[in-house]
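J.: Below: one structure in structure tokens.
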Amino acid sequence: MIATASMQTKVAPPPLRDVDAEIKLDARHVDFFYGDFQALHDASLAVQARKITALIGPSGCGKTTFLRVFNRMHDLVPGTRASGEVLLDGHNVLSPDTDVINLRRQVGMLFQRANPFPKSIYDNVAYGPHILGWSKIQIDQVVEESLKDTGLWDEVKDRLRRSARRWIRSPRCASRNSCKNSRSGIRS
Amino acid sequence: MAFHRVGAGGGMSLPLIRTLVDRLVGGLIVLCVSVAAIPVLVLLLFVLINGLPGMLTPGFFTDPPYPQGVPGGGVLNAIIGTLEIVGIGSLLAVPVGALIGIFLSEYGRNQVGNTVRFISDVFTGLPSIAFGIFGYTVVVLTTHHFSALSASIALAVLMLPVILRATETALVLVPNSLREAGLALGAPRWRVTLEIIVPAALGGIVTGALLAMARAAGETAPLLFTAFGNDIVQTNPWQPMGALSLTIFRNALVPYPNLQQQAWAAGLLLVALVAATNILARIYVRRIQR
Amino acid sequence: MKSVLVALSAGAALLLTACGGSPTGTNPSTGGAGVPAPPRASLTGAGATFPKPFYDAANFAYNKKFSQVTINYGGGGSGAGIQQLTKKVVDFGASDVPLSSKEADAMGGSDKVIQIASTLGTESLAYNLDGVADGQLKLTPDTIAGIFLGKIKKWNDPAMAADNSGVSLPNQDIHVIHRSDGSGTTYIFTDYLCSVSADWKAKTGGPGKSITWPTGDGAQGNAGVATRITQTPGAIGYVELAYVLQTKMKQAALKNRDGNFVSPSAAGATAAAKAFVGSSPSQFSIVNASGKDSAPISGYSWIILYKDQADKTKGTALVDYLYWLTTAEGQQYAVNLHYAALPSSMASYDLLVLKGVTSGGSALLSVS
């Protein structure tokens with residue numbers, strides 16, 4: 001019962017609602033269920049375009065659950081259910097006609113832990129654009145830019161084709177964040 | 001450690017008993033391992049001692065068997081046969097088995113998957129002669145010809161459950177976060193499976209395939225009425241073909257000492273082949289995991 | 001591609017059979033020059049294990065002579081050979097006993113199959129007895145029947161001692177070893193017992209490839225029986241002569257119909273065969289033959305094939321090969337391995353029936 005209490009979340013809308021602000025994503029009255037267990041109660045949140053919005057709360061209160069609703073990652077967990085509305089540019093992503101793959105290309109996600117694919121460093125960074133069907137030249141460019149942005153380029157530029165897993169496990173690996181960033185740079 | 005000392009209220013005897021129990025259990029484990037390992041080692045030694053002279057006979061690797069009364073002869077027919085029969089069998093079984101394994105792991109959490117799993121487990125428990133009967137009934141009787149291909153098909157069916165279960169196990173072990181990471185990028189499920197999950201599990205899949213091949217190479221019963229055996233070097237898969245296990249089976253039952261020696265040598269060769277396959281699998285997995 | 005190959009080899013077959021028709025006719029039991037060159041083919045046979053060493057040696061030699069033909073003889077036992085031929089998965093079957101009418105019916109009737117005698121073998125009674133050398137033990141039809149009926153249980157039984165004066169037979173149990181699998185060897189041996197012992201015939205009902213044995217332990221194949229005898233002190237069993245000689249087992253001298261004690265030999269088998277004039281698949285028994293040198297437990301080994309061959313090329317190669325096998329050239333490989341050469345009368349019979357093999361109505365073998 002204690003767990004239930006801690007998982008129940010009410011997210012209040014941001015106190016200052018700038019009338020001029022462009023709302024990119026608008027979650028309205030979201031309820032979320034793991035089977036019979038309700039994890040989110042009437043959660044609402046407006047996320048502005050080109051602004052960083054932070055969601056803060058104690059461990060296990062449902063932050064990640066809430067975020068995962070935004071690009072329908074909860075679909076992957078059997079027995080889950082979300083109700084309410086999550087409007088992305090005015091379209092409800094929770095409606096059955098949403099193209100989930102396209103949605104996820106628009107709503108990127110950065111996980112708490114690094115998940116290097118069993119591929120080379122280059123292929124790890126390039127996987128997103130590769131999925132989007134970018135050209136080789138474009139991908140080369142974005143890989144270099146992303147790695148430069150995260151300050152890893154000089155360290156890895158000579159072994160882009162080597163396994164990323166080994167690099168990340170090696171003691172010389174940069175901090176977990178920078179490893180993460182090496183892939184986050186490509187997220188839309 | 002402090003926690004332990006609190007428990008040791010009875011003085012010094014408890015750590016002593018604990019040490020003794022530790023030694024005793026450790027000793028028991030060593031004993032059990034020896035009991036399991038010694039017969040295997042004795043068997044290997046036995047095969048080595050009996051098989052080596054035959055293996056060192058000139059022509060063992062390069063000549064087909066000669067009939068009684070003609071000096072020399074080897075098992076070239078059987079070496080080629082075993083490699084070809086198991087090779088074709090693997091070509092049939094590995095892709096199908098891997099695909100079924102992928103299905104079970106990624107899409108098989110339902111009644112269909114459970115049914116496939118159940119059938120596969122039943123197949124694993126079947127005696128291998130049953131696969132021989134399968135090959136005989138389905139291929140030999142319909143083509144009216146014993147053939148290496150019928151043996152390959154029988155072995156493929158025998159290998160299938162091993163491969164698909166190994167593939168499924170390897171894929172299930174891939175952390176879910178990797179799937180989510182791929183899907184979160186907007187990759188369709190099939191691409192995530194083929195481009196991320198399967199490469200991540202490749203070590204396990206390849207190991208499973210190699211182990212299945214090793215098992216198939218040692219089988220005799222499925223070959224008796226499929227490959228049939230052939231003393232002539234034969235590479236055409238539509239024709240009857242020899243195999244190392246058949247050489248062992250047939251030559252062990254004849255009264256001629258030179259042929260019996262050949263059977264031992266063929267046994268040693270088969271053991272060596274299977275061992276090499278296993279070692280290869282391990283090296284491959286180690287390389288992939290680095 | 002495949003059809004082109006077949007067409008080519010069929011053409012070659014016609015050409016070759018045309019050549020083979022040249023009048024070089026020789027007596028099949030002595031000649032060798034008239035052997036036709038076969039078309040390219042791979043032949044498969046299965047069946048009796050007893051003649052396998054002979055077939056292997058002959059096949060090897062035939063392939064050396066005509067490299068376009070490979071013959072793969074897989075053994076497996078007479079029963080298996082007949083079964084595989086019935087299912088048409090082999091080109092020929094081999095059996096130590098000709099087809100029963102029931103087996104022939106399964107193949108479409110006795111007029112649809114032909115059977116030729118390929119070689120001649122004889123059986124020994126091998127034993128494992130310390131202090132009794134090879135050939136020292138003498139057995140009569142009565143003592144053999146007594147041992148296999150379980151009536152004579154000890155080696156020093158009075159019935160045995162009567163024939164073996166001068167040999168000190170030990171007070172040791174007799175271990176009878178017989179075949180556990182269906183076997184032509186068993187048929188010939190039980191055929192012999194039936195012909196010499198009314199008691200045996202009454203108790204077991206008649207000869208058979210596998211019977212209910214009054215006593216003893218079973219072992220698989222000639223090799224299995226040989227191994228069991230070698231490993232069991234006091235053991236006795238019936239084994240093909242070739243296996244006895246190869247494994248250097250001790251064999252008993254057997255009293256034949258004329259009252260002579262003979263050590264089974266290839267020559268003894270030929271002598272026994274000659275005592276029966278007009279042997280054929282329907283009159284195949286040659287056990288307990290008259291003649292002073294005749295080995296009493298002898299028999300032909302048979303090759304079975306379909307009279308009408310579906311594949312003309314294969315059929316031609318098959319009859320060419322089988323004809324060669326029955327000539328002196330083929331039979332020499334039997335003699336080398338302690339099988340007996342076919343008597344000329346039987347070789348003539350074989351040639352006659354092989355000439356009856358057809359494909360699409362035309363005869364395949366062209367030797368005069």
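J.: Answer with one residue from B:SER105, C:THR44, C:SER298: the one whose Cα lies farthest towards the positive end of the charge dipole of the protein assembly as shown, charges on Cβ with Lys, Arg +1 and Asp, Glu -1.
T.: B:SER105
J.: Antiparallel versus total DSSP beta bridges in the protein assembly as shown: what percent is that, nearest 5?
T.: Details: 45 of 65 bridges.
That works out to approximately 70 percent antiparallel.
J.: Tally Lys/Arg at +1 and Asp/Glu at -1 over every other residue whose Cβ is under 13 Å from the Cβ of C:THR140; what's the total?
T.: Details: positive: C:LYS138, C:LYS255, C:ARG257; negative: C:ASP142, C:ASP157, C:ASP163, C:ASP258.
Local charge sum for C:THR140: -1.
J.: In nm, to one decimal, how far is the modelled label at B:VAL138 from the one at B:VAL96, with both set 7 Å along Cα→Cβ?
T.: Result for the modelled spin labels: 0.5 nm.
J.: Here's a follow-up. Hey, got the average number of other protein chain Cβ atoms within 10 angstrom for residues in C:64-73? Working shown, then result.
T.: Working: counts 1, 0, 0, 0, 0, 0, 7, 3, 12, 3.
Per residue, the average neighbour count from other chains is 3.
J.: Another question about this same structure. Quick one: which of C:65-75, C:115-125, B:105-115, A:118-128 comes out on top by average Cβ neighbours within 10 Å, and what's the full order, highest first? Intermediate results must be reported in sequence, preceding the final value.
T.: Details: C:65-75: 21.2, C:115-125: 26.7, B:105-115: 14.0, A:118-128: 22.7.
Going by the mean number of other Cβ atoms within 10 Å, highest first, we get C:115-125, A:118-128, C:65-75, B:105-115.
J.: By per-residue mean of other Cβ atoms within 10 Å, what is the highest-first order of C:310-323, B:176-189?
T.: Details: C:310-323: 24.1, B:176-189: 20.0.
By packing density, highest mean first, the sequence is C:310-323, B:176-189.
J.: Sticking with this one: Rounded, prolate or oblate: which fits chain B when a ≥ b ≥ c are the square roots of the eigenvalues of the alpha-carbon gyration tensor, with rounded for a/c under 1.5 and prolate only if a/b beats b/c? Before the final figure, lay out the partial values.
T.: Details: a/c = 2.54, a/b = 1.31, b/c = 1.94.
Taking the square roots of the gyration eigenvalues as a ≥ b ≥ c, chain B is oblate.
J.: Going through the cross-link list C:LYS153/C:LYS274; C:LYS65/C:LYS307; C:LYS203/C:LYS274; A:LYS63/A:LYS148; C:LYS138/C:LYS248, which pairs have a Cα-Cα distance over 28 Å in this structure? Kindly include the intermediate steps, with their values, before the conclusion.
T.: Numbers: C:LYS153/C:LYS274 36 Å; C:LYS65/C:LYS307 26 Å; C:LYS203/C:LYS274 31 Å; A:LYS63/A:LYS148 31 Å; C:LYS138/C:LYS248 18 Å.
Distance filter (> 28 Å) returns C:LYS153/C:LYS274; C:LYS203/C:LYS274; A:LYS63/A:LYS148.
J.: With 10 angstrom as the radius, rank A:ARG161, A:ARG50 by how many other C-beta atoms surround their C-beta, starting from the fewest. Can you show the working numbers first?
T.: Details: A:ARG161 10, A:ARG50 7.
Final ranking by Cβ density, sparse to dense: A:ARG50, A:ARG161.
J.: Can you give the mean number of other chain Cβ atoms that lie within 10 Å of the Cβ atoms in peptide B:229-235? If you can, show how the numbers build up before the last one.
T.: Numbers: counts 6, 7, 9, 7, 1, 3, 0.
That works out to 5 on average.
J.: Where does each of C:349-360, C:137-148, C:44-55 land if you order them by average Cβ count within 10 Å, highest first? Please list the in-between numbers first.
T.: Numbers: C:349-360: 18.2, C:137-148: 21.6, C:44-55: 27.9.
Descending packing order for the listed peptides: C:44-55, C:137-148, C:349-360.
J.: Sticking with this structure for a sec: For the stretch C:61-220, give the magnitude of the charge dipole about the Cα centre (Cβ charges: +1 Lys/Arg, -1 Asp/Glu; no others), in debye to the nearest 20.
T.: Working: 14 positive and 16 negative charges, 87 e Å.
Result for the stretch C:61-220 is approximately 420 debye, rounded to the nearest 20.
J.: Give the calculated FRET efficiency between C:ASP311 and C:ASP105 to the nearest 0.05, with a Förster radius of 35 Å applied to their Cβ-Cβ distance. The partial results should precede the final answer.
T.: On the way: r = 24 Å, r/R0 = 0.68.
FRET efficiency, C:ASP311 to C:ASP105: 0.90.
J.: I've got another one for you. Based on the alpha-carbon gyration tensor of the stretch C:186-277 and its eigenvalue square roots a ≥ b ≥ c, which shape applies: rounded if a/c is under 1.5, prolate if not and a/b is larger than b/c, or oblate?
T.: Details: a/c = 1.78, a/b = 1.08, b/c = 1.65.
Verdict is oblate for the stretch C:186-277.
J.: Could you name the lysines in cross-link range of A:LYS119, using Cα to Cα under 16 Å and dropping any fewer than eight places away on the same chain?
T.: A:LYS157, A:LYS180
J.: Okay, helix-only estimate at 222 nm for chain C: each DSSP H run of n ≥ 4 adds -39500 (n - 2.57), divide by all residues, round to 500 deg cm²/dmol; what do you get?
T.: Calculated at 222 nm, the ellipticity per residue is -11500 deg cm²/dmol.
J.: Need one number: nm distance between label points at C:ASP258 and A:LYS51, each 7 Å from Cα along Cα→Cβ, rounded to one decimal.
T.: If labels sit at C:ASP258 and A:LYS51, their model points lie 12.4 nm apart.
J.: Something else now. Which whole DSSP H helices in chain B pass both tests: a Cα extent of 27 Å or more along the axis and a mean Kyte-Doolittle value no lower than 1.6? Kindly include the intermediate steps, with their values, before the conclusion.
T.: On the way: long enough: B:13-55 (61 Å, 1.94); B:76-102 (38 Å, 1.92); B:148-172 (35 Å, 1.78); B:198-217 (28 Å, 1.54); B:257-289 (48 Å, 0.67).
Helices passing the filter in chain B: B:13-55, B:76-102, B:148-172.
J.: With r defined as the distance between the Cβ atoms of C:ASP173 and C:ALA202 and R0 fixed at 30 Å, what FRET efficiency is calculated, to the nearest 0.05?
T.: 0.75
J.: I've got another one for you. Starting from the Cα of B:ARG18, step 7 Å along the direction of its Cβ; do the same at B:THR124; then give the gap between the two resulting points in nm.
T.: That separation, rounded to one decimal, is 3.9 nm.
J.: Ignore the peptide's own chain and count Cβ atoms of other chains within 10 Å of each Cβ in A:107-116; give me the average, rounded.
T.: Numbers: counts 2, 3, 6, 2, 4, 1, 3, 2, 10, 3.
Per-residue shielding by partner chains comes out at 4.
J.: What does a probe at A:ARG162 reach in the stretch A:117-142, counting residues whose amide N is under 17 Å from the point 7 Å along Cα→Cβ?
T.: In the stretch A:117-142, the label zone of A:ARG162 (backbone N under 17 Å from the point 7 Å along Cα→Cβ) covers A:117-125.
J.: Quick check on the stretch B:94-242: take the gyration tensor over C-alpha atoms, sort the square-rooted eigenvalues as a ≥ b ≥ c, and tell me if it's rounded (a/c under 1.5), prolate or oblate.
T.: Verdict is prolate for the stretch B:94-242.
None of the figures in this text is laboratory data; all of them are computed from the coordinates on show. Just so it is clear, the model here is predicted, and its values are computed rather than measured. For neighbour counting, all protein chains shown are included, and Cβ atoms are generated from backbone atoms with ideal geometry for every residue, glycine included.
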